[in-house]
Amino acid sequence: MVKRVLMTGAAGGIGTRLRSLLQGVYPELRLSDLRQPPDLAPHERFVAADLARMEEVEAAVDGVDGIIHLGGHSVEGPWETILQANIIGCYNVFEAARRKGVERVVFASSNHTIGFYRRYRRIDADRKVRPDSRYGVSKAFGEALGAMYADKYGLRVTCIRIGNVDDKPVDLRRLSIWIKPEDLVQLIRIGLEHPELRYEVLWGVSDNERGWWDNSRAYALGYRPTGRAEAFRDEALAGQAKLPPDPIADMFQGGPFCSEEFRGDPSQVSD
Ligand code: 15L
């Protein structure tokens, strides 16, 4: 039974939403980030940790049963930033979990692990990765680390390839990849609580008519999303109409992460 849970990246956008949604679910929800969130509630315990510093990560994970690893750099960035926050930081979280005997890790992966699949492709999590950014590569690295720590050291690991967490989808692409925050909580709880789980890669997406990803494994584990992006169709399309044209982004699932720094010929991106 998972009772004590650490959330890294607790001061970030997703962490802030999850703090209230997870309130009371576990007897202890410990929060960690570089800086303390300004609105820390009396029942919340905060431990400052720089993920790139192993001793700080070890101190943060000490005594917990499960980790929700949201921390790191959450968009594309310079290599040095990605290296410290997402490569070294992610290694430190898994390795500290092993050293401290933490049973479960839920890793916030991203749709940007597969961003260079074209939008007309329907894929499952067994397809090879096609990262669209250094950020996407770092998330694929995190998934690989998770597999190794599960297979070699017996941790129970769930990687959630998150689409886009928001109150509602804000453009055309998000009509396919949006996830309602409450649905993400369901997936995290599967990762922390499902008795048979060993290593899983699940799609962090709601029940979207225009979805691109086969999430049948998540459904088999009990996922019952309540979010439906299509309910916000008109607003999302109005949001899309305000965006500048970006033909490369429009071809691929990763959207603007694909067009940023793109110097190639899109017809050469294998299909
Ligand atoms: C992500 O992985 C990012 O963390 C988030 O900021 C969004 O940009 C999202 O992907 C997206 O693809 O919309």
If you take the residues of the stretch 38-52 that are at pLDDT 95 or above and outside any strand (DSSP E or B), which of them is least open to solvent (accessible area, probe 1.4 Å)? A49
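How many residues does the stretch 174-213 contain that are more than 16 Å from the ligand (Cβ to nearest atom) and closer than 28 Å to K152 by Cβ?
Initially, the stretch 174-213 is screened for residues more than 16 Å from the ligand (Cβ to nearest atom), giving 182, 185-186, 189-200, 207, 209.
Narrowing further to those that are closer than 28 Å to K152 by Cβ: 189-200.
Counting residues in the stretch 174-213 that are more than 16 Å from the ligand (Cβ to nearest atom) and closer than 28 Å to K152 by Cβ gives 12.
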Could you tell me whether G71 is part of a loop (DSSP other than H, G, I, E, B), of a type in the set (G, A, S), within 13 Å of the ligand (Cβ to nearest atom) and surrounded by 17 or more Cβ atoms within 10 Å (Cβ to Cβ)? yes
Regarding the stretch 133-152, can at least one residue be identified that is surrounded by 22 or more Cβ atoms within 10 Å (Cβ to Cβ) and outside any helix (DSSP H, G or I)? yes
So which residues in the stretch 129-165 are under 23 Å from G264 (Cα atoms) and out of contact with any helix residue (DSSP H, G or I) (no Cβ under 7 Å at 6 or more places or on another chain)? R130, V137
Please list, ordered by first then second residue, the pairs with beta carbon atoms under 9 Å, 6 or more apart or interchain, first in the stretch 109-122 and more than 13 Å from the ligand (Cβ to nearest atom), second modelled with pLDDT under 95 and part of a strand (DSSP E or B). none
The lone exception for D271 - which of (1) modelled with pLDDT of 95 or more; (2) away from the ligand (no atom under 14 Å from the Cβ); (3) open to solvent by 10 Å² or more (accessible area, probe 1.4 Å); (4) over 16 Å from T113 (Cβ atoms) it fails: (1)
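Can you go through V106, V165 and tell me which one is crowded, with 24+ Cβ neighbours inside 10 Å, closer than 23 Å to R189 by Cβ and of a type in the set (A, V, I, L, M)? Steps first, please.
Numbers: V165 fails: crowded, with 24+ Cβ neighbours inside 10 Å.
Checking each option against the conditions leaves just V106.
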Considering only the stretch 184-200, state which residues are touching a residue at least 24 places away in the same chain (Cβ under 8 Å) and either over 20 Å from V2 (Cα atoms) or among the charged types (D, E, K, R) (or both). R189, E193, R198, E200
What's the number of the only condition in (1) surrounded by 16 or more Cβ atoms within 10 Å (Cβ to Cβ); (2) within 16 Å of the ligand (Cβ to nearest atom) that E95 fails to meet? (2)
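The values are calculated or read from the model by the stated rules, or taken from the named source; none is laboratory data. Worth saying up front: this structure is predicted, and the values here are computed from it rather than measured. As a convention, Cβ positions derive from the backbone with ideal geometry for all residues, glycine included, and neighbour counts pool all protein chains shown. For the accessible areas, the whole protein counts, side chains as well, though only heavy atoms, and no ligand, DNA or RNA atoms are used. Shrake-Rupley method; radii C 1.70, N 1.55, O 1.52, S 1.80 Å.
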